[in-house]
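See structure below.
FYI, it's all coordinate maths here, none of it is from the lab. Quantities reported herein were computed from a predicted structural model and do not represent experimental measurements. Cβ placement follows ideal geometry from the backbone for every residue including glycine, while neighbour counts extend to all protein chains displayed.
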Amino acid sequence: MILTDTQILDEMAKGTIMIEPFRSECMGTNSYDVHLGRYLATYTNRVLDAKQHNKIEEFIIPDDGFVLQPGTLYLGVTEEYTETHAHVPFLEGKSSTGRLGIDIHATAGKGDVGFCNTWTLEISCAQPVRIYPGMPIGQLIYFMISGEITNYYNKKRDAKYSTRTVKPVESMMWKNKF
């Protein structure tokens, strides 16, 4: 079951959901709109290796925008820091973002219960498009869970994306054993 606006606000009052900064005008019927942060990053190598630490180059999106180019993976970040302690958060693109040909995640749209951080976005585009810091970029949807949790993300020893940041984070696949 997806939480409604009223339920999201109730959970925020209980402390099981946190959104910072929170703006009431960003609350939808059953979602919360998140915004593109100031930082973007691209990988420094064109060929990525899943067993290696692929380095990124970060840059600040100018106030007059930045033009995304097809064929390049950009890592962005949400302005909003979130915590989710009793629900499964999903980050989806807004329809207005999609209608500009922007995808905000390749496969990583679901968070885990216990995820506490900003959201790194895996941004790609269908054609050149100018983006701006602070623009609405996606929406968070919260799902109820059933059953007891013993392995919260923020308590896992091997959680790779738990250090609080305002910048996009590159893939940590290389930390896995395979």
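What the table below lists for this structure:
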{"item": "Relative contact order computed over region 53-178 (Cα-Cα under 8 Å; 6+ residues apart), in percent", "result": "36 percent"}
{"item": "Under 15 Å from residue 51, Cα to Cα: aspartates and glutamates that are on another chain or at least 8 residues apart", "result": "170"}
{"item": "Likely footprinting exposure, 177, 51, 160, fewest C-beta neighbours within 10 Å first", "result": "177, 51, 160"}
{"item": "Normalised alpha carbon radius of gyration of region 93-139 [divisor 2.2 N^0.38 Å]", "result": "1.22"}
{"item": "With eigenvalues of the C-alpha gyration tensor scaled by 5 and rooted, region 1-80, Å", "result": "33, 16, 12"}
{"item": "Entries of 110/160; 14/160; 110/156; 14/167; 156/177; 94/155 with Cα pairs more than 21 Å apart", "result": "14/160; 14/167; 94/155"}
{"item": "Estimated distance in nm for a label pair at residue 29 and residue 156, the labels positioned 7 Å out from Cα along Cα-to-Cβ", "result": "3.3 nm"}
{"item": "Dimensionless Rg over Rh [region 71-178; C-alpha; Kirkwood]", "result": "0.98"}
{"item": "Length released on extending from residue 149 to residue 55, taking residue separation times 0.36 nm less the Cα-Cα span", "result": "30.4 nm"}
{"item": "Inverse of mean 1/r across different Cα pairs in region 1-152, Kirkwood, Å", "result": "16.3 Å"}
{"item": "222 nm mean residue ellipticity, helices alone, for the chain (DSSP H n ≥ 4; -39,500 (n - 2.57); rounded to 500)", "result": "-2000 deg cm²/dmol"}
